[in-house]
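First comes the structure, then the notes that go with it.
The values are calculated or read from the model by the stated rules, or taken from the named source; none is laboratory data. Every value quoted in this text rests on a predicted model; they were computed, and no experiment measured them. In this analysis, Cβ positions are derived from the backbone assuming ideal geometry, glycine residues included, and neighbour counts consider all displayed protein chains. We work out accessible area using only protein heavy atoms, side chains counted, and drop any ligands, DNA or RNA first. Shrake-Rupley method; radii C 1.70, N 1.55, O 1.52, S 1.80 Å.
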Amino acid sequence: MVQMRAAERVVETLFAAYMAAPAELPEEWRRDLDLADRPRLARRTCDYIAGMTDRFALLEHRRLGGETG
């Protein structure tokens, strides 16, 4: 259960970071996206995170300032 909560925190942190700073998303994920359209940005952000491998999600989490411990 501890690992599940840790994984949830990583996803939550990634989502919050990308929503706060959409420029952190790769350009191809921002293309044709009105950043003021928050529901569409949220959907695109969710899709991007869902496509991540566990390893890449942890690397992005670390890069975006998430705790590593």
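Among the residues of region 1-28, the one identified as modelled with pLDDT under 95 and not in a helix (DSSP H, G or I) is M1.
Does R44 fit the bill of being basic (K, R) and farther than 15 Å from L14 by Cβ? Taking the combined requirement at face value, the residue does not satisfy it. Scan region 29-44 and tell me whether some residue there is assigned to a helix (DSSP H, G or I), out of contact with any His (no Cβ under 8 Å at 6 or more places or on another chain), among the aromatic types (F, W, Y) and open to solvent by less than 60 Å² (accessible area, probe 1.4 Å). No: region 29-44 contains no residue that is assigned to a helix (DSSP H, G or I), out of contact with any His (no Cβ under 8 Å at 6 or more places or on another chain), among the aromatic types (F, W, Y) and open to solvent by less than 60 Å² (accessible area, probe 1.4 Å). Annotation: G51 fulfils all but one of (1) within 21 Å of A7 (Cβ to Cβ); (2) in contact with a helix residue (DSSP H, G or I) (Cβ under 8 Å, 6 or more places away or on another chain); (3) open to solvent by less than 80 Å² (accessible area, probe 1.4 Å); the unmet one is (2). The C-beta contact set for region 18-44 (first residue without any contact (Cβ under 8 Å) to a residue 24 or more places away in the chain, second residue open to solvent by 20 Å² or more (accessible area, probe 1.4 Å) and acidic (D, E), distance under 9 angstrom, 6+ apart or interchain) comprises W29/D47; R40/D34; L41/D34.
Here is the figure for region 49-62: residues that are more than 10 Å from L14 (Cα to Cα) and either outside any loop (DSSP other than H, G, I, E, B) or of a type in the set (D, E, K, R) (or both) total 5.
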